[in-house]
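Before any comments, here is the structure.
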Amino acid sequence: MQKITNVLLIGLIAIGVLATQSLFIVSETNQAIVTQMGEYLYTANTPGIYAKMPLVQDVSYMDRRLLSTDANAQEYLTLDKKRLRVDHVTRWRIVDPLQFYVTVRTEAGARARLDDIVFSEMRRELATLPFDVVIADRREEIMETVAESAARQAISFGIRIEDVRIKRADLPKEVQQSVFESMKAERSREANRYRAEGEEQSAQIRATADRERTVILAEAYEESQKLRGTGEAQAIAIYAEALQKDPEFYAFSRRIESYGKILREGDTLVLPSDSDLFAYLTRSASTGR
């Protein structure tokens, strides 16, 4: 009885092992290829449970999700012969499991090949551009060009490159100070040029304003002289007309105006009694009027 139990137990274990070796599961995040003695049989790229021949057929799993390769920083030479240290990240996914398995086999192998491709394309692209453009103006355009070129090569490995991005672009430590000093000198030259242009424009504006001021003042003086001449002419005409109508009244009014201009409260004048200036005053006093 014990022997029968042991045999049954061993049989059940063997059946369980064969069952586990005969079935495999592909999840939503994976895809797999099945090979027999190294020969490709089929690709399981939809989630589910699949059957295979135990001990004869093998299953190789591959990730269907978006993968990332974070490369080590490398030094590149720009168009103006400046060294630049750049590290990048590549995002990619496996789109042809069989091609991937045949060419690179594993994710580690894929990352090594992708790094070589991106490094090469980065070096070629950066060599056509000056340093200041790389670090400032056209970084987005550069990475798009690199990603497109690298994607055309990576497709032969069953890989589709989704994106390539520069994480950081720095100068090597040994040349940072010299480049910073050069950039500082260049900015100083530009600042001095802008100041000189501003001072020149300021002098031109100031000269134009002074010239316009002189013209305006001259025109205003000319106009005031015309108005004064016209007013004086009208005054003379009025005086002449008044003199013709009543010479005595005219003389009286003019003398009164003179009194108003000469005499002030508290003033003391010593003049002869027959002075023409006080003719009307003395005449009034003598007549009692």
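Residues in the range 29-46 that are modelled with pLDDT under 90 and not in a strand (DSSP E or B): 37, 38, 45, 46. Which residues, taken from the range 225-253, are exposed (fewer than 11 other Cβ atoms within 10 Å of the Cβ) and among the hydrophobic types (A, V, I, L, M, F, W, C)? Selection gives 227, 233, 235, 236, 237, 238.
If you go through the range 52-65 one residue at a time, do you hit one that is acidic (Asp, Glu), surrounded by fewer than 18 Cβ atoms within 10 Å (Cβ to Cβ) and within 30 Å of residue 171 (Cβ to Cβ)? Checking the range 52-65: not a single residue is acidic (Asp, Glu), surrounded by fewer than 18 Cβ atoms within 10 Å (Cβ to Cβ) and within 30 Å of residue 171 (Cβ to Cβ).
Does residue 96 count as under 27 Å from residue 35 (Cβ atoms) and acidic (Asp, Glu)?
Working: under 27 Å from residue 35 (Cβ atoms): yes; acidic (Asp, Glu): yes.
Yes, satisfied.
Just give me the residues in the range 95-128 being in a helix (DSSP H, G or I), of a type in the set (Asp, Glu) and in contact (Cβ under 8 Å) with a residue 40 or more places away in the chain, in sequence order. Break it down stepwise before answering.
Quick first cut of the range 95-128, residues in a helix (DSSP H, G or I) only: 97-103, 107-126.
Keeping just the survivors that are of a type in the set (Asp, Glu) gives 107, 115-116, 121, 125.
Hits for the range 95-128 are 107, 115.
If you filter the range 81-114 down to residues that are farther than 22 Å from residue 170 by Cα and of a type in the set (Asp, Glu), you find that the one that is surrounded by the fewest Cβ atoms within 10 Å (Cβ to Cβ) is 107.
Considering only residues that are outside any strand (DSSP E or B) and either more than 19 Å from residue 110 (Cβ to Cβ) or of a type in the set (Asp, Glu) (or both), look in the range 47-66 and name the one that is nearest to the chain's Cα centre (by Cα).
In the first step, residues of the range 47-66 are kept if they are outside any strand (DSSP E or B); the result is 47, 52-56, 64-66.
From what is left, the residues that are either more than 19 Å from residue 110 (Cβ to Cβ) or of a type in the set (Asp, Glu) (or both) are 47, 52-56.
Numbers: 47: 48, 52: 60, 53: 63, 54: 63, 55: 63, 56: 63 Å.
The selected residue is 47.
Across the range 139-164, the qualifying residues are those that are loosely packed, with under 14 Cβ neighbours inside 10 Å and farther than 16 Å from residue 94 by Cα, and the one among them that is nearest to the chain's Cα centre (by Cα) is 140.
Quick one: which of 57, 36, 31 is touching a Pro at 6+ places or on another chain (Cβ under 9 Å) and not basic (Lys, Arg)? From the options 57, 36, 31, the qualifying one is 31. Considering the range 150-176, the residues that are part of a helix (DSSP H, G or I) and under 18 Å from residue 78 (Cβ atoms) include one that is modelled with the highest pLDDT, namely 173.
The values are calculated or read from the model by the stated rules, or taken from the named source; none is laboratory data. The shown structure was predicted, so the numbers you read here are calculated from the model rather than taken from an experiment. Ideal geometry is used to build each Cβ from the backbone, glycine not excepted, and the neighbour counts take in all protein chains shown.
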